[in-house]
Amino acid sequence: MDDRGVRLSSRARGIVPSATLAVNARAKALAAQGREIINLSVGEPDFPTPEAASAAGIAAVEEGFTKYTPVPGIPALREAVCEKLRRDNGLDYSPEQIVVSTGAKQALYNAFQVLCEPGDEVLIPSPYWVTYPEQVRLCGGVPVFVETDEESGYILDVGLLEKKVTPRTRLLVLNSPSNPTGAVYPRDVVEAVAELALEHDLYIISDEIYERLVYHGAEHTSPASLGPEVKRRTVVINGVSKAYSMTGWRIGYAAAELPVARAMAALQGHVTSNPCSVAQKAALGALRGAAGAVEEMVAEFEARRDYMVGRLKEMPGLRTPEPEGAFYVFPSLDGLAGREVAGRKVQDGGDLAMALLEEAGVAVVPGAAFGKADAVRLSYAASMDLIKKALDRMEKVLRSAF
């Protein structure tokens, strides 16, 4: 019970707010005080929504397409998702196996809710996106973290993963390309994870939302593409937010075996019902008419990635693995711990993030939010001019510590 006498459920009391949103809020507060803040904390493309998507959304409004739709999404959009999965991933699904949700985050929530019993253990490679463990806990599950490190480029060690399996293990989460590390799992690693899942009778939740954002020849491999047995035990999660710069439209989707898809649709029917009708039409326009816009965005992200990684590697006190996907860089502290940065003694990524925000006006996310306290996450989903300016400020602050 809080200081106003409100009795919250244990579920509500246990929720940890998103640290990415908290940093963003602090940055906005400083900006409101007149500070020039360069925000590299939020994972949101800075490109406009592709014209094909916007035009489809506008047409939907003009045509009065503003009523309820089927809970799992309009048939045309589910068919377009099937076409995308067939074309890009070699996956064969029927529209009945697709559930369109209010963002990929809801698709993940639906999957955990229908597959995870209270007390079930869920394997999550660490560093991890902040929402995975919270969603697992919300359905009574137990997140079990499997450490990765910068020496491997944050690629999962399948031998270590297997050591974490117990009789209570039910699910494992794959996120490739990864938030926060940008790691892209090589095909042989995905194959080994799939073999482990089959051997131990586990389901795979494969978060592929950054799938299109890969660089320098890196290739995304969906575990569901590795054979019918693996596909039956995999729930593929994706959406239009990242690849099509449509974060605010809130359209994600899941592809799964029919019993799982039906259960997810039934759950969604009692939580949100259908996703926004207009946004569904916009997503349809994106999937069928915005390939060129995606290619242009990926090329620009690659240039920004190369510049940011190169600059960070030259800065004292940081160790910076080279990400192959998404739009994040995840450097860890190397020789910086214990030093004073801008008058603040730095012990971990949280101290560094605060020093950079207060002294340099650059917002980054402390690594503790993702399970690695001695790191920070920077997003290059910002213009090259802003990235250059932010890194100039950041380097000046870091060099002052040596």
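Remarks
- Residue in the range 125-152 that is modelled with the lowest pLDDT, counting only those that are surrounded by fewer than 18 Cβ atoms within 10 Å (Cβ to Cβ), not in a helix (DSSP H, G or I) and not aliphatic (A, V, I, L, M): 149
- Residues in the range 222-242 that are crowded, with 24+ Cβ neighbours inside 10 Å and in contact with a Pro (Cβ under 9 Å, 6 or more places away or on another chain): 3 in all.
- Residue, farthest from residue 274 (Cα to Cα), within the range 69-114, restricted to residues that are among the polar types (S, T, N, Q) and not in a helix (DSSP H, G or I): 94
- Checking 400, 379 one by one, the residue that is more than 23 Å from residue 242 (Cβ to Cβ) and among the polar types (S, T, N, Q) is 400 and no other.
- Hey, residue 23 part of a loop (DSSP other than H, G, I, E, B), in the same structural domain as residue 305 (by TED's automatic domain parsing) and at pLDDT below 90 or not: no
- Looking across the range 330-357, the residues that are touching a residue at least 24 places away in the same chain (Cβ under 8 Å) and under 22 Å from residue 25 (Cβ atoms) come down to 330, 342, 348, 349, 352, 353, 355, 356, 357.
- Out of 241, 277, 225, 245, one residue alone is in contact (Cβ under 8 Å) with a residue 24 or more places away in the chain and in contact with a Leu (Cβ under 8 Å, 6 or more places away or on another chain). It is 225.
- Any hit, the range 87-98, residues being assigned by TED's automatic domain parsing to the domain that holds residue 145 and of a type in the set (A, V, I, L, M, F, W, C): yes
- For residue 378, the test of being out of contact with any Pro (no Cβ under 6 Å at 6 or more places or on another chain), in a strand (DSSP E or B), surrounded by 20 or more Cβ atoms within 10 Å (Cβ to Cβ) and aliphatic (A, V, I, L, M) is passed.
- Residue within the range 110-128 that is within 24 Å of residue 295 (Cα to Cα), in contact (Cβ under 8 Å) with a residue 40 or more places away in the chain and of a type in the set (Val, Ile, Thr) present: no
- Checking residue 345 against (1) surrounded by fewer than 17 Cβ atoms within 10 Å (Cβ to Cβ); (2) modelled with pLDDT of 95 or more, the condition it does not meet: (2)
- Screening residue 211 against (1) without any contact (Cβ under 8 Å) to a residue 40 or more places away in the chain; (2) under 20 Å from the mean Cα position of the chain (by Cα) leaves a single unmet condition, (1).
- Every pair of residues 6+ apart whose Cβ atoms lie under 8 Å, when the first sits in the range 42-54 and is touching a residue at least 60 places away in the same chain (Cβ under 8 Å) while the second is surrounded by fewer than 17 Cβ atoms within 10 Å (Cβ to Cβ) and in a loop (DSSP other than H, G, I, E, B): 46/383; 54/48
The values are calculated or read from the model by the stated rules, or taken from the named source; none is laboratory data. Because the structure is a prediction, the values reported are computed rather than measured. Every residue, glycine among them, receives a Cβ derived from its backbone with ideal geometry; neighbour counts consider all protein chains shown.
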